[in-house]
Every structure is written in C-alpha cells, then in structure tokens.
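Undergrad: Structure provided below as structure tokens; questions to follow.
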Amino acid sequence: MKKQTNVIILGFIVIVSLSCSLIGNTKQSNSVATASVAQEQPQVKSSTNTEPAVIDTTSSGMSAKIGSTLNLVIGTKNRDSVYPSYHLESTVVTPTLSDDKASVVIKTRKVAADVQGKNVHLFYTAPDSDQAKEGYIIGDKEYRITNGKPEELIGQIALSWAGWHLEATFPFSAGASLSTKTGTVTLDGRQADVYSVDSTKIDPAVMESFRTLGMFPLNTIHGTIWVDQQTGGALKALIDYEMDMINSDDGKTVGVGQGHLELEITEIGNVNVQMP
C-alpha cells in the first residue's frame with residue numbers, strides 16, 4: 001500500500017509541476033507568458049482524425065492520463081488542442097494567504113472563451129475585479145476590446161488566459177490523482193467517462209501522503225471529472241476542496257481555505273474565432 005500511495009502522489013507532483021511551466025513567447029521584442037504548458041501528454045491522434053484517440057492505459061499512466069486531460073484541451077506551443085475548436089466556461093475559487101501572510105484570502109477568477117486553434121476570444125474577470133473584460137488572441141497579436149473597439153496590446157490577454165489555466169491546474173490535478181472511474185455518460189453529444197473523487201472514501205494513508213510527501217495539505221476533496229472518450233480531453237469538472245493554509249516562513253497554519261473549480265467545455269468543432 002505504501003508503494004501504491006507513493007506512486008499516486010509522485011504522479012500528482014509531476015502533473016502539477018510540469019503543468020506550471022509556462023512557455024515564453026516573444027512578441028515585438030517583449031517576452032510574455034502564454035497559456036501553453038510544457039508537459040508530455042499521452043499519445044493522442046490529431047483532432048482532425050475521427051478515429052478514437054490512442055491513450056496510455058498502463059499502470060504507470062492512469063492518474064497522469066486523467067490529470068493531463070485539461071492540458072490536452074489547452075494544448076502547448078508545439079502541440080495543438082485535441083479539439084479543433086470549443087467553448088469554455090469556468091470559475092476558479094482559490095484560497096491564498098494575504099500579502100503579510102497573516103490571514104486567508106479567497107480569490108475568484110471567471111473565464112468564458114471561444115477557442116479555435118491558436119485564436120481565443122476571451123471574457124475574463126480577474127481576482128481583483130468584479131467586472132469582466134473582453135479580449136482576443138489572434139495569431140501572434142492580442143487585442144483588448146474597449147468601448148466596442150479593439151486596442152492592440154502585448155501580453156495582457158495571454159497572461160489572463162494563462163493565469164486561469166494555472167489556477168485551474170491544482171484542483172483539477174488533485175481531483176484526477178484521487179479519482180476512480182464510476183461510469184459513462186453523454187455530454188453535448190459526446191461519450192464521456194466519469195471519474196469521481198470523495199476523500200471520505202479514500203485510504204487515510206493516501207490523504208496523509210498529500211500532506212507530507214506531496215506537500216499539499218488537503219483536508220478534504222470531492223467532485224467529478226468528465227473525460228471525452230474519443231480524444232482524451234476534459235469535458236467538464238466540478239471540484240471542491242479544503243486545505244490548511246501554511247505560512248512558508250515559519251511553517252505555522254494560518255487558517256483553512258476553501259477552493260472550488262467549475263469547468264465546462266462545449267460546442268466542440270463548432271466555434272469560429274475572428275476579430276469583430
């Protein structure tokens with residue numbers, strides 16, 4: 001059991017650490033982060049191929065396969081999304097410490113996006129704002145829509161897109177690492193495998209390993225992830241978790257944070273992104 005626990009936790013650490021490596025993208029002499037994620041994914045056939053994807057199902061790859069399904073949707077600098085186009089809606093609630101590390105702060109980021117290849121039409125609400133902003137990523141250029149008119153920017157829209165992805169990665173990967181397959185359903189006309197996680201049903205040794213070996217002090221986590229059978233890409237996720245918030249300076253617990261991920265991907269292959 002100890003060996004199995006270590007494999008699960010180490011697999012999760014690999015998923016999170018690799019997912020948090022953004023690829024720099026030079027634009028007009030400025031270096032900016034993009035939403036690309038430097039992670040080796042299961043071998044999946046091109047999204048233009050209608051045959052089922054070939055996905056690693058070996059014992060060493062099951063939790064990593066589920067954890068990588070979100071990155072299969074987002075794609076990387078060198079690999080396109082498994083979906084030719086899609087619509088994404090998401091809310092990420094992330095607990096963090098205040099600047100003085102004396103209290104727990106809850107940040108909420110909301111995103112609605114139409115994505116076609118590398119082009120993105122994005123509505124986003126930053127954690128420090130209650131008003132949604134609109135922007136486009138078209139090829140190598142970015143635009144913010146102000147008063148209905150496009151204004152060319154460098155990096156801001158890509159950073160907002162990447163920021164959402166990074167914040168979504170932790171709850172998604174944690175849920176995936178602790179999940180078990182519980183069924184199949186049809187979502188938006190696509191067959192999906194259903195993976196559920198409930199920390200009350202997980203061996204306490206596994207949860208304790210997340211707090212020690214994994215260095216992620218989770219108290220509870222529960223939710224569901226839906227994965228597209230054809231491509232291996234994520235279709236939907238609902239994850240809620242509670243974790244101790246620890247001051248890294250002195251190792252003391254400041255409080256308890258409540259986190260939440262809500263994600264849904266629809267209209268696959270039916271989205272067109274162009275400047276208005």
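Coordinate-derived values only; no laboratory data. It should be emphasised that the depicted structure is a prediction, and the values quoted were computed from it without experimental measurement. Every residue, glycine among them, receives a Cβ derived from its backbone with ideal geometry; neighbour counts consider all protein chains shown.
Undergrad: What is the gain in length, in nm to one decimal, between Thr186 and Ile154 on full extension, counting 0.36 nm per residue of separation less the C-alpha to C-alpha distance? Walk me through the numbers before you get to the answer.
TA: Numbers: separation 32, 0.36 × 32 = 11.52 nm, distance 3.99 nm.
Stretched out fully, the Thr186 to Ile154 stretch lengthens by 7.5 nm.
Undergrad: Regarding segment 107-203, what are the three Cα extents along the principal axes, ordered largest first, in Å?
TA: That gives 52, 32, 22 Å along the principal axes, largest extent first.
Undergrad: Too long at a 31 Å Cα-Cα cut-off: which of Lys65/Lys133; Lys65/Lys201; Lys77/Lys133; Lys77/Lys236; Lys141/Lys236; Lys77/Lys252?
TA: Check vs 31 Å cut-off fails for Lys65/Lys133; Lys77/Lys252.
Undergrad: In segment 206-276, what GluC sites (Glu not before Pro) fall in a loop by DSSP, with at most 16 other Cβ atoms inside 10 Å? Spell out each step's value before the answer.
TA: Numbers: sites: Glu208, Glu242, Glu262, Glu264, Glu267; in loops: Glu267.
Sparse-neighbourhood loop GluC sites (Glu not before Pro): Glu267.
Undergrad: Take Met275, Met207 and order them by how many other Cβ atoms sit within 10 Å, fewest up front.
TA: Working: Met275 11, Met207 18.
In order of increasing Cβ crowding within 10 Å: Met275, Met207.
Undergrad: At 7 Å along Cα-to-Cβ for each site, give me the label-to-label distance between Asp100 and Thr253 in nm.
TA: Result: 2.3 nm between the two label points.
Undergrad: Tell me, in nm to one decimal, what length is gained between Glu242 and Asp140 on full extension, where the rule is 0.36 nm per residue of separation less the Cα-Cα distance? Write down the numbers at each step before the final one.
TA: Values: separation 102, 0.36 × 102 = 36.72 nm, distance 3.89 nm.
Value of the extension gain: 32.8 nm.
Undergrad: Please express the Cα-Cα pair-distance distribution P(r) of segment 67-160 as a list of whole percents, one per 5 Å bin, running from 0 to the bin with the greatest distance.
TA: Reading upward from the zero bin: 3, 12, 19, 21, 18, 13, 8, 4, 1, 0.
Undergrad: Sticking with this one: Determine ³J(HN,Hα), in whole Hz, for all residues of segment 245-253 in sequence, where each value follows from phi through the Karplus function 6.51 cos²θ - 1.76 cosθ + 1.60 and θ = phi - 60°; x replaces Gly and Pro.
TA: Karplus values, whole Hz, x for Gly and Pro: 9, 10, 6, 5, 6, 10, x, 8, 7.
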